[in-house]
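The values are calculated or read from the model by the stated rules, or taken from the named source; none is laboratory data. Everything numeric in this text was worked out from a predicted model, so none of it was measured. Cβ coordinates were reconstructed from backbone atoms using ideal geometry, including for glycine residues, and neighbour counts include every protein chain displayed. Ligands, DNA and RNA are stripped out before the accessible areas are found, and what is left, the full protein with its side chains, is counted by its heavy atoms. Shrake-Rupley method; radii C 1.70, N 1.55, O 1.52, S 1.80 Å.
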Number of protein chains: 2
Amino acid sequence: MFMRIDHVGIACHDLEEKIAFFERTFELTVVAREVNQEQGVKEAMLHIADGQGGGSYIQLLEPLDPDTPVGKFLAKRGEGVHHVAFGVPDVAQALETIGGRGVRLLDEKPRHGSMGSSIAFLHPKDVAGMLTELVQAPER
Amino acid sequence: MFMRIDHVGIACHDLEEKIAFFERTFELTVVAREVNQEQGVKEAMLHIADGQGGGSYIQLLEPLDPDTPVGKFLAKRGEGVHHVAFGVPDVAQALETIGGRGVRLLDEKPRHGSMGSSIAFLHPKDVAGMLTELVQAPER
């Protein structure tokens, strides 16, 4: 079901400062920047590797507003790992399978993620406290 | 420098229960179980994919005692992502490079990690709040 660790999403206060840090310190390269109004974030994807069905990335997330999920996370916990995303061949099918096994779904249907992907989130309380994202990369 | 996301380490209260959950829900397979006295944990590695220089895994961590780093993490934050590990070709060289760029090192020299690997940790306050591990897989 899981083909790769697609990305680790890190909440931060200052996207540009953190991009510069990750590029300088770990020699990573930004391959995409986006504003996602639906999720209330501006974000950057730093490429680590290519894998089965898609790549692996560090995703940096800055909230557009304090009153967003990532803004509230930062206020409560400070900077750190916000979620972890796993690549799957088909998000809709994975949601059906995983939901059928008793995990609560934060998204009943796939929605738009970074770089043209389809994504959905699982309830962290059902996955060992880890906010878990499923990612289906776009057809190339 | 980073060749892959090697693993996401998740702190949990009951290792066997969480192994059963991850196997049943996400169809993952445990490929190694270890007790690491130095780090005060018993742990399991669930295989996700093979990548450059090593594999990608979910690592489940149960503290051997409340008075260990993972035990204290659980008491403070509850279950969830404890650290993220990235594969590098040479941990000693990566430590020298990263330390030279101003990141505080929790380990000045590589030590023993899961499945025969060499590992070292970086200070989370210097890496966007993320406890960051460097992993060099053993020679095959």
Query raised in the report: Which net charge results when you count Lys and Arg as +1 and Asp and Glu as -1 among the other residues whose beta-carbon is under 15 Å from that of B:D107?
Result: -3
**Report entry** Position B:G99, label points 7 Å along Cα→Cβ, spacing to each other copy in nm (shortest first, one decimal)
**Finding:** 5.1
Query - Residues in the range A:120-140 occluded by at least 30 Å² - accessible area, probe radius 1.4 Å, against chain by itself - result: A:V127, A:A128, A:M130
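How many square angstrom of accessible surface are buried between B and A, both sides summed, with a 1.4 Å probe and rounding to 100? Intermediate results must be reported in sequence, preceding the final value.
Values: alone 7790 and 7770 Å², together 12570 Å².
Heavy-atom accessible area buried at this interface is about 3000 Å².
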Report summary line: Per principal axis, largest first, the Cα atoms of the range B:51-120 extend in Å by 34, 29, 18
Requested in this report: Kindly give the distances from B:E34 to its copy-mates, label point to label point, with each label point 7 Å from Cα along Cα→Cβ, as nm values to one decimal ordered shortest first.
Outcome: 3.6
Query raised in the report: Counting each DSSP H run of 4 or more residues in the protein assembly as shown as -39500 (n - 2.57), what helix-only mean residue ellipticity at 222 nm follows after dividing by all residues, to the nearest 500 deg cm²/dmol?
Result: -6500 deg cm²/dmol
Query raised in the report: Hey, any idea what the orientation-averaged projected area of the convex hull of the protein assembly as shown's Cα atoms comes to, in nm²?
Result: 13.4 nm²
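Let me have the relative contact order for chain B, percent, based on Cα pairs under 8 Å that are six or more residues apart. Walk me through the numbers before you get to the answer.
Working: 305 pairs, mean separation 35.5, N = 140.
Result for chain B is 25 percent.
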Query raised in the report: Within the range A:1-35, what residues put their amide N at less than 13 Å from the label point 7 Å along the Cα-to-Cβ vector of A:D67?
Result: none
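How much of the accessible area of the protein assembly as shown, in percent, comes from carbon and sulfur atoms when a 1.4 Å probe is used?
That share works out to 47 percent.
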Report task. Filter the cross-link list A:K42/B:K76; A:K76/A:K109; A:K125/B:K18; A:K42/A:K72 down to pairs whose alpha-carbon distance in this structure exceeds 18 Å. Result -> A:K42/B:K76; A:K76/A:K109
Report summary line: Lys and Arg at +1, Asp and Glu at -1: neighbours of B:F86 with Cβ under 12 Å from its Cβ sum to -2
Query - Spatial separation of Cα centroids for the range A:30-107 and the range B:1-55, in angstrom - result: 21 Å
Requested in this report: Work out which residues of the range A:19-40 lose at minimum 20 square angstrom of accessible surface when the other protein chains are put back, relative to the chain isolated, with a 1.4 angstrom probe, and list them by number.
Outcome: A:F21, A:F22, A:R24, A:T25, A:F26, A:E27
Report task. Bin all alpha-carbon pair distances of the range A:4-136 at 5 Å intervals from 0 and give each bin's fraction as a whole percent. Result -> 2, 11, 20, 24, 21, 14, 6, 2, 0
Query raised in the report: What fraction, in whole percent, of alpha-carbon pairs in the range B:1-47 exceed 15 Å separation?
Result: 50 percent
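For the range B:1-119, report the accessible area per residue in Å² (1.4 Å probe, heavy atoms, rounded to an integer).
On the way: 5370 Å² over 119 residues.
Dividing the accessible area of the range B:1-119 by its residue count gives 45 Å².
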Report task. Have a look at B:H13, A:G54, A:F21 and report the one farthest towards the positive end of the charge dipole of the protein assembly as shown, computed about the Cα centre with Cβ charges (Lys/Arg +1, Asp/Glu -1). Result -> B:H13
